[in-house]
Structures are given as C-alpha cells and as structure tokens.
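The values are calculated or read from the model by the stated rules, or taken from the named source; none is laboratory data. Computed from a predicted structure; not experimentally measured. Cβ atoms come from the backbone with ideal geometry, glycine included; neighbour counts cover every protein chain shown.
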Ligand SMILES: *[C@@H]1O[C@H](CO)[C@@H](O)[C@H](O)[C@H]1NC(C)=O
Ligand SMILES: *[C@@H]1O[C@H](CO)[C@@H](O)[C@H](O)[C@H]1NC(C)=O
C-alpha cells in the first residue's frame, strides 16, 4: 500500500514539474499541420500587416517568415513544408503568407493539389501606387537602378508600357486571377483592399475573420492611428517591442514620378482594373 501511494505521489510530482518548467503551452502541445489559409499576394499590397493583424486572434497561428514553398521550394516536399508550420491546437487555424504566389503560374495548381479546401487571401492595392512602391523598395537595394519611366515604358511618347517588367506585371490582377479560378472557386478567395486596410483596418479584419470562419475578436480596440506616420498601428504587437504599423517602413518615401507617366499608367491599367472588378464583383475605385 505505501508503495502505491509513493508511486502516485511521484507521478503527480513529475506531472507538476513538467507543468512548471515546460515552455509555453502551444510550443509543446498541438500538432503541425499544413496551412488552412494562405495569404498569396500581392507584393507591396499590405500582406505583412494583414498577417500581423490576424495573428492577434487566439484561433490563428502563423509562420512569421515567407516560406516560398509553392514557388521556389516546392521540390522539398510537403513534409518539409509542414515542419515550418506552427503547432496548432484543435480548432486553431494555421497560416502562412508568401506574396509571390499570386503571380506564380504553378502556385494555384500546387496549392489545390495540397488541398482544394485551402482558403486564399489576396491583398490588392491600386496597381499604379503598388508599382511605384515596388520600384522604391528595389531602389533602396539597388541604388543605380534606371529611372522608373525607363523601366515602365518601352516607348513613353507612344505610351507603350513594358508588361514584362515585374513591377508592372504584378498589377495585372485579372490576368493572374484567371489562373487561380481554374483551380479554386471565387468564394474560396477573399480580397482585402490595401486602401481600406489603412482607412479602416478593423473593418477589413472583420471581413477576413468572417471569411476564415472565426469569431470577430480583432476589432477597433486593437488599433490606433499614428498621425505623424499617417497609418494605423497595432496597440499590442505580438512578440515585438516596437509598434507594428502599416505604411512606409524605415522612413522610406516614394520616389516622385511625373504626372504624365502616372496618367499613362492609369490609362494602361484601367481596362484591366475594370475586368478585375467584374471578376470579383467589387469596385476597388482605383481611378
Ligand atoms: C518612340 O516613338 C516615337 C514616336 O513614334 C519615335 O519617334 C521614337 O523614335 C521612339 N523611340 C524609341 C526609343 O523607340
Ligand atoms: C508615430 O510615428 C512616428 C514616426 O514614425 C514615431 O516616431 C512615433 O514614435 C509613433 N508614435 C506612436 C505612439 O506610435
């Protein structure tokens, strides 16, 4: 009899010890599973902000870095991909974001082959400001880059746009969406407006939560507007001391592009935008 008691006490002890000295619950418990939802695009649309905002939700666990599985790392296989995922408890959603998927021809087919139930999120933004923002970012890494106009136009006086330049090509949303619609129904793709994400982050996040089948827990109490920056920020950033804000990082300012070039690009994108609005059934008002 004393032996049994001793055994029980010891088991209880080790149980409590494990509890006290173990890492945070989710780091130890739960399983790694392939993502239920992926933010697939677009570059410079506000994908980082959407991921940081949605992961405040207790039922969302996300990979912080871009995995590039469905474009560059597909050869590594699904087990490798799964190993990158965070541990999730039952009922939690697993997510990742890699904005280049949206313009990768093979990505829709590959994601559908993993699971045709994967929910897809695309953060879109006026393709002209997106292109300028994209160019500005490249310029900080490559200071001797030719001018925006030189890259954007084959012949500017003819208004001939170079659609092979990535910064231009990415903004042809209707074209890319066509590839996705061959593998996924439209209802399985949610579009976030990069513009409304700035003016009404809580509203946009509300719709993202609805789409993911989550309770609306991320609300306007989680955001404040930084007037100096001119962008919304998170009140309680997860695992970060510095505030998480949308908008220009590291004080980057957009390069000034002459009005004429901007108008020419607006004319160029207009029919593509209209087609995109018709496809998704929403007018993003980029004119
Ligand atoms: C651009 O087009 C104009 C008008 O057609 C022509 O005169 C000019 O030579 C072209 N420039 C280049 C670089 O092809
Ligand atoms: C607001 O943004 C400015 C400029 O980026 C920054 O210096 C300041 O600390 C921010 N304030 C708050 C409350 O986040």
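Quick notes on this structure:
- For residue 228, the conditions (1) out of contact with any helix residue (DSSP H, G or I) (no Cβ under 8 Å at 6 or more places or on another chain); (2) away from ligand 2 (no atom under 16 Å from the Cβ); (3) assigned to a loop (DSSP other than H, G, I, E, B) all hold with the exception of (2).
- Each residue in the range 247-272 was checked for being touching a helix residue (DSSP H, G or I) at 6+ places or on another chain (Cβ under 7 Å), more than 16 Å from ligand 1 (Cβ to nearest atom) and modelled with pLDDT of 85 or more, and 6 of them qualify.
- Search result, residues across the range 204-216 that are exposed (fewer than 14 other Cβ atoms within 10 Å of the Cβ) and touching a helix residue (DSSP H, G or I) at 6+ places or on another chain (Cβ under 8 Å): 215, 216
- Per-region count, the range 65-79, residues surrounded by 13 or more Cβ atoms within 10 Å (Cβ to Cβ) and either without any contact (Cβ under 8 Å) to a residue 12 or more places away in the chain or at positive phi (or both): 4
Here's the yes/no breakdown for (1) farther than 21 Å from residue 133 by Cα; (2) surrounded by 13 or more Cβ atoms within 10 Å (Cβ to Cβ); (3) at pLDDT 95 or above:
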{"residue": "169", "(1), (2), (3)": "no, yes, yes"}
{"residue": "172", "(1), (2), (3)": "no, yes, yes"}
{"residue": "184", "(1), (2), (3)": "yes, yes, yes"}
{"residue": "236", "(1), (2), (3)": "yes, no, no"}
{"residue": "245", "(1), (2), (3)": "no, yes, no"}
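- Odd one out for residue 124 among (1) surrounded by 16 or more Cβ atoms within 10 Å (Cβ to Cβ); (2) touching a residue at least 60 places away in the same chain (Cβ under 8 Å); (3) out of contact with any strand residue (DSSP E or B) (no Cβ under 9 Å at 6 or more places or on another chain): (3)
- Close pairs from the range 131-148: first more than 13 Å from residue 257 (Cβ to Cβ), partner modelled with pLDDT of 95 or more and surrounded by 16 or more Cβ atoms within 10 Å (Cβ to Cβ), Cβ under 8 Å, at least 6 apart: 137/44; 138/167; 145/135; 145/151
- Of the residues examined, residue 159 is one that is surrounded by fewer than 21 Cβ atoms within 10 Å (Cβ to Cβ) and modelled with pLDDT under 95.
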